[in-house]
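The values are calculated or read from the model by the stated rules, or taken from the named source; none is laboratory data. Because the structure is predicted, anything quoted here is derived from the model rather than measured. For the accessible areas, the whole protein counts, side chains as well, though only heavy atoms, and no ligand, DNA or RNA atoms are used. Shrake-Rupley method; radii C 1.70, N 1.55, O 1.52, S 1.80 Å.
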Amino acid sequence: MIKKIIRNIYNIIFKNDVSKRLRRNIILFFNFYLSNVVVNKIPIHSFRKLYYRKCGLKIGQETKIYRNVIITDPKKLEIKRNTIIGFYAHLQATGGISIGKNVNFGSYSKIWTGSHDINSSDFSVITKPVKIEDYVWISTGVTILQGVTIGKGAVIMAGSVVMKNVRPYAIIGGNPGKEIGMRNKNLNYNLKDERNFH
């Protein structure tokens, strides 16, 4: 009798269409809702980092993700070592985001990898990956749109909107972002933040 009850419960949870939706909703609950409503506010960085890794996010050593960061589709996000993601950043990784080493990603900045086809009769979704190479400095309040690659050592000034690829070491400013100068190419720093309670 007990075996039959257990078998029936197992079949309800794992063997039918309802259970597939249920499993999907449970994963969404842990990967999106809890991550972005509860966990991202806990002021213990090591706890948040462990939780993000359990959700599938690839995070390098010494990388810090500050509080109140919103992450969509953590399995499609990779952040390499010694990178800092500032407060209230929004990483919409539906199309895939790769962030290199020693990247300073400013507070209130956003990456959007998903959009809609404006000419589509059914408002279909379009996704394209974003790649940010090593030593890039994304300042405060920057928006990076889908399909963009930002080359090594580039600087994106505060409030800029990046709609197309940025060449290495270029300094970009404005909306839409335009190249306004070049950065020193001799970069060899390691970004580190020793605080654990932030």
If one compares the long axis through the Cα atoms of helix 45-54 with the longest principal axis of the Cα atoms of the chain, the angle in degrees, nearest 10, works out at 60
Residue by residue through region 32-41, which ³J(HN,Hα) values in whole Hz follow from phi under the Karplus form 6.51 cos²θ - 1.76 cosθ + 1.60 (θ = phi - 60°), with glycine and proline marked x? 10, 4, 4, 4, 9, 10, 10, 4, 5, 9
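Can you bin region 128-187 into rounded, prolate or oblate? Criterion: square roots of the alpha carbon gyration tensor eigenvalues sorted a ≥ b ≥ c, rounded for a/c under 1.5, prolate for a/b above b/c, oblate for the rest. Numbers along the way, then the final one.
Values: a/c = 1.71, a/b = 1.21, b/c = 1.41.
Cα axes put region 128-187 in the oblate bin.
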Considering only protein heavy atoms and a 1.4 Å probe, what is the carbon-and-sulfur percentage of the accessible area of the chain? 59
Can you bin region 154-198 into rounded, prolate or oblate? Criterion: square roots of the alpha carbon gyration tensor eigenvalues sorted a ≥ b ≥ c, rounded for a/c under 1.5, prolate for a/b above b/c, oblate for the rest. oblate
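Summing -39500 (n - 2.57) over the DSSP H runs of n ≥ 4 in the chain and dividing by its residue number, what mean residue ellipticity at 222 nm do you reach, to the nearest 500 deg cm²/dmol?
Working: 3 runs with 35 residues, N = 198.
Calculated from helices alone, the mean residue ellipticity at 222 nm is -5500 deg cm²/dmol.
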Per residue accessible area in Å² of the chain, where ligands, DNA and RNA are left out and the probe is 1.4 Å: 57
Compute the angle between helix 2-14 and the longest alpha-carbon principal axis of the chain, please, reported from 0 to 90 degrees and rounded to the nearest 10. 30
Looking at the chain only, what percent of DSSP beta bridges run antiparallel? Nearest 5 please. 20
Any chance you could look up the accessible area of K41 with a 1.4 Å probe, heavy atoms only, rounded to 10 Å²? 100
Given a cut-off of 18 Å, name the pairs among K54/K152; K64/K110; K75/K192; K54/K128 whose C-alpha atoms lie farther apart than that in the structure shown. K54/K152; K75/K192; K54/K128
Take the alpha carbon atoms of region 151-176, find their center, do the same for region 131-147, and report the distance between the two centers in whole angstrom. 7
With springs connecting C-alpha atoms under 10 Å apart, model the chain as a Gaussian network and identify which of Q146, Q61, Q92 has the largest mean-square fluctuation. Q61
Hey, can you grab everything whose amide H is under 5 Å from the amide H of I150? Only 5+ residues off in sequence or another chain; H modelled, so Pro and N-termini drop out. K131, I132, E133, V166
Report I27's accessible area, 1.4 Å probe, all protein chains in place, as a number in Å² to the nearest 10. 90
Just reorder R81, R67, R24 by solvent-accessible area, largest first, 1.4 Å probe, all chains present. R24, R81, R67
